[in-house]
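Novice: Input: one structure, supplied below.
A short reminder: the numbers here are calculations on the coordinates, not readings from a lab. These figures come from a predicted structure and were not determined experimentally. Counting neighbours? That spans all protein chains shown, and the Cβs are built from the backbone with ideal geometry, glycine included.
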Amino acid sequence: MAARFADIPFLRVPVGEDAHRWRTFPGERTLVVAARTLTSTIRILEVLPALLRGDTRITVVFAHDPGSAFSDGSIDLLHDSGCRVIPWEQLSHIEPDLIVSASEHIDLPAGHCPVLVLPHGVGFQKYVPDSRAPRDRLSGVVPDELIEAGRAWMAVSHPDQERQLVAAHPKSAGRTLLVGDPCLDELLVSEHRRESYRRALEVQDNQRLVMVSSTWGPTSLIAQNPELPARLLSELPWDTHRVGLILHPNVWSAHGAWHIRTLQAAALDAGLLLMPPVHDWRPALVAADAVIGDHGSVTLYGAALGRPVALAAHGSEAVPGTASADLARFTPRLDADGGLLAQIDDLVQSHADRRDQYTAVAARAFETPGAALARLRAAVYDLLGLPLPPSDAPRPLALTTPVNPAAPVTSWVVGTRLCTESTPRGHLTIGVSRFPTSVAREQPETERSFWHLAVEPAEERDRRLTESASVLLGSTAAPDLAAARHWARDALARLPGSVLAANALDSGVCMANLRDGSVVEVSSADGRAVDAALAASAVYACLRADVPAIGIEVVLRADGANAPETRLRLRAVTT
């Protein structure tokens, strides 16, 4: 049994024996939030403010139950959110009018007040270990004694969940409240902000954001294939894809951020969007173009949003007959040992064939999207014995813009290949694929395909990579040609193993300085600013192919079905 925090003093205000002497807001009713796990604490904090907005009749305190294996992080989240937290032992010394929790497995003291249990995922989709006995139990179901006492009420998002619950636990008959799913409602209402979320995560218009989602436990995606994020980053070209990872809060709570970051170090160095467990995973899911998941709720949310979904794992603890199980019947399986780029392309392109099935599964899991907050507020006030406030019913609001968690990538392994189709004289078509160095795989060269290491020497922390680089890249744009030339000469002098140094100018062109002293100006055929790394790749390919890198037009093609073409003009510069 985890240690209880008996040494934490009881709060005197806003609850306590003489709380009336000290509190500012009198409060006609007391609502206690039972916070047990990090997951349930996150869900309550996402929902509760909208329900009680502006109502001084209700005093809210949070009781922290440290008894769960997944309680780590919950007390810190409560304090960071400004919540008033009482030790669990004080709960038996006050008389709340309602207890609300998103954790069903709470060990409440005796009392008479009702207990409202909100789901912290989608329905009763999974069997989980029972902390009270060496067996598994259906996730989301409160203990029998709480039901038998007539105190428990369980919120559900669809009538099918009511029927499932009664079939599994007959004593729960009549103890459910159909409210819907507030999390889904926020996801749906945020769709119009999708582009702003993508910009915040630095996903370009021509890039696909592939979100990997994992629940917790030994059969979860991250347990079965922890290398998948790095594998995706090693096979999905940098210029056309971004990769993100959403982990269940129980993974963060049980193993800690340090351990997760250590396990995913290579992927993080490659720009992985590791979304924090609090809040930002939701706009990241809205921003996604495809979801690779397992039997966790996020996979079902992704399908309900209409995103292409593939399964990389599906554990035996998934409950048959649920919406999640139905989703697994027709959702494509990701072959982790197969070519990932082709699978992602096919998943997106064939999505229309499964769209109706996704819609049907979502309809089985979520009833009346958009009404959950209003229904939930009505239930809370009814259980508190208070009339609803005169303000309008709460409605779901668009999610806040996420913070980009990705580390900058400062070195790439770049593949270039001369395309075989005929091109007009003075034109050259080059295929280009860039991969972050930390996950890149060594590839053989041919007479028409070449590989090189490109590094930003001012930012790259691994000196060995910098000294091995063929191409050096400036980290910031230079104000003019003279400044760019000065930087390049210095970089080439310090790093004699490199072939060329390329730097962008504020004007939007790029200057590629070769070791023999010649300079090639690279400009965009459409007048847009040139990506210095792509420009350097074009010049490097010309050098390796013995094509004069002057007076020609180059068409760069990145890999992937959504890859755009970039047209560049190369000309010699007299210095």
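Novice: On average over all directions, what projected area in square nanometres does the range 194-362 have, based on the convex hull of its Cα atoms?
Specialist: Convex hull of Cα atoms, orientation-averaged projection: 9.1 nm².
Novice: What three numbers, in Å, describe the spread of the alpha carbons of the range 251-329 along their principal axes, ordered from the longest?
Specialist: For the range 251-329, the Cα spread along each principal axis is 38, 27, 22 Å.
Novice: Next question. With a 10 Å radius around each residue's Cβ, average the other Cβ atoms per peptide and rank 151-163, 472-484, highest first.
Specialist: 151-163, 472-484
Novice: Kirkwood Rh and Cα-based Rg: tell me the resulting Rg over Rh for the chain, rounded to two decimals.
Specialist: Using Cα coordinates only, the ratio equals 1.07.
Novice: Starting from the Cα of ASP335, step 7 Å along the direction of its Cβ; do the same at ARG489; then give the gap between the two resulting points in nm.
Specialist: 5.6 nm
Novice: Once you place label points 7 Å from the Cα toward the Cβ at HIS79 and GLU442, how far apart are they in nm?
Specialist: 5.0 nm
Novice: Quick one: dipole size for the range 143-212, taken about the Cα centre, charges +1 on Lys/Arg Cβ and -1 on Asp/Glu Cβ, in debye to the nearest 20.
Specialist: 80 debye
Novice: How big is the charge dipole of the range 194-362 about its Cα centre, in debye rounded to the nearest 20, if each Lys and Arg gets +1 on its Cβ and each Asp and Glu gets -1 on its Cβ?
Specialist: 380 debye
Novice: Measure out, as a whole number of angstrom, how far apart the alpha-carbon centroids of the range 324-339 and the range 144-184 sit.
Specialist: After rounding, the separation between the Cα centres reads 30 Å.
Novice: Using a simple charge model, +1 on the beta-carbon of Lys and Arg, -1 on the beta-carbon of Asp and Glu, nothing else, what dipole does the range 265-340 show about its Cα centre, in debye to the nearest 20?
Specialist: It comes to approximately 220 debye.
Novice: Among LYS126, LYS171, which comes first, second and so on when ranked by fewest other beta-carbon atoms within 10 Å?
Specialist: Ranking LYS126, LYS171 by Cβ neighbours within 10 Å, fewest first, gives LYS171, LYS126.
Novice: Taking +1 at the Cβ of each Lys and Arg and -1 at the Cβ of each Asp and Glu, which of GLN204, HIS93, GLN443 sits farthest along the dipole of the chain towards its positive end, judged by Cα position relative to the Cα centre?
Specialist: It is GLN204.
Novice: For the range 380-499, what Kirkwood radius comes out of the mean inverse Cα-Cα distance, in Å?
Specialist: Every distinct Cα pair counted, the radius reaches 19.2 Å.
Novice: Which of CYS510, CYS113 comes first, and how do the rest follow, when ranked by fewest Cβ neighbours within 10 Å?
Specialist: Least crowded to most crowded, the residues run CYS113, CYS510.
Novice: Ordered by residue, what ³J(HN,Hα) values in Hz, to whole numbers, does the range 431-439 give under the Karplus form 6.51 cos²θ - 1.76 cosθ + 1.60, where θ = phi - 60° and Gly and Pro are x?
Specialist: Couplings: x, 9, 9, 10, 9, x, 4, 5, 10 Hz.
Novice: If you count, for each residue, the other Cβ atoms within 10 Å and average over each peptide, how do 233-246, 446-459, 306-319 line up from highest to lowest?
Specialist: 233-246, 306-319, 446-459
Novice: 5 Å is the cut-off here: which amide hydrogens, built 1.01 Å from N in the peptide plane, fall below it relative to LEU274, excluding neighbours closer than 5 in sequence?
Specialist: Amide H neighbours of LEU274, under 5 Å, 5+ apart: LEU245.
Novice: Sequence-distant or interchain residues sharing an amide H contact under 5 Å with ALA525, placed H: which?
Specialist: ARG567, LEU568, ARG569
Novice: Further question: Between the range 500-526 and the range 450-498, what is the C-alpha centre distance in whole Å?
Specialist: Centre-to-centre distance over Cα atoms comes out at 13 Å.
Novice: For the chain, build the charge dipole from Cβ charges (+1 Lys, Arg; -1 Asp, Glu) around the Cα centre, then report which of VAL13, VAL539, ILE75 sits farthest towards its positive end.
Specialist: Of the listed residues, the answer is VAL539.
Novice: What list of ³J(HN,Hα) values in whole Hz, one per residue of the range 167-174 in order, does the Karplus curve 6.51 cos²θ - 1.76 cosθ + 1.60 (θ = phi - 60°) give from phi, with Gly and Pro shown as x?
Specialist: 5, 7, 9, x, 5, 7, 4, x
Novice: Figure the gain on full extension for VAL403 and HIS279 (residue separation times 0.36 nm, minus the Cα-Cα span) and round it to one decimal in nm.
Specialist: 43.6 nm
Novice: Here's a follow-up. If you take every residue apart from GLY16 with its C-beta less than 14 Å away from the C-beta of GLY16, what net charge results, scoring Lys and Arg +1 and Asp and Glu -1?
Specialist: Net of charged neighbours comes to 0.
Novice: Answer with one residue from ALA393, LEU48, LEU165: the one whose Cα lies farthest towards the positive end of the charge dipole of the chain, charges on Cβ with Lys, Arg +1 and Asp, Glu -1.
Specialist: Result: ALA393.
Novice: Would you calculate, for the chain, the mean residue ellipticity at 222 nm contributed by helices, counting each DSSP H stretch of 4 or more residues as -39,500 (n - 2.57) and dividing by all residues, to the nearest 500?
Specialist: -8500 deg cm²/dmol
Novice: Here's another thing I want to ask about it. Quick one: which of 515-523, 180-188 comes out on top by average Cβ neighbours within 10 Å, and what's the full order, highest first?
Specialist: With the highest mean Cβ count within 10 Å placed first, the list reads 180-188, 515-523.
Novice: Taking other Cβ within 10 Å of each residue's Cβ, how do ILE75, ILE344, ILE550 sort, fewest first?
Specialist: ILE550, ILE75, ILE344
Novice: In sequence order, what are the phi-derived ³J(HN,Hα) couplings for the range 43-52 according to the Karplus relation 6.51 cos²θ - 1.76 cosθ + 1.60 with θ = phi - 60°, rounded to whole Hz, with x for glycine and proline?
Specialist: Calculated HN-Hα couplings, in order: 5, 4, 5, 6, 9, 4, x, 5, 6, 10 Hz.
Novice: Then there's this: What does the C-alpha gyration tensor say about the overall shape of the range 1-88? Classify as rounded when a/c is under 1.5, otherwise prolate if a/b is larger than b/c, or oblate.
Specialist: Oblate is the answer for the range 1-88, as a/c is 1.5 or above yet b/c matches or exceeds a/b.
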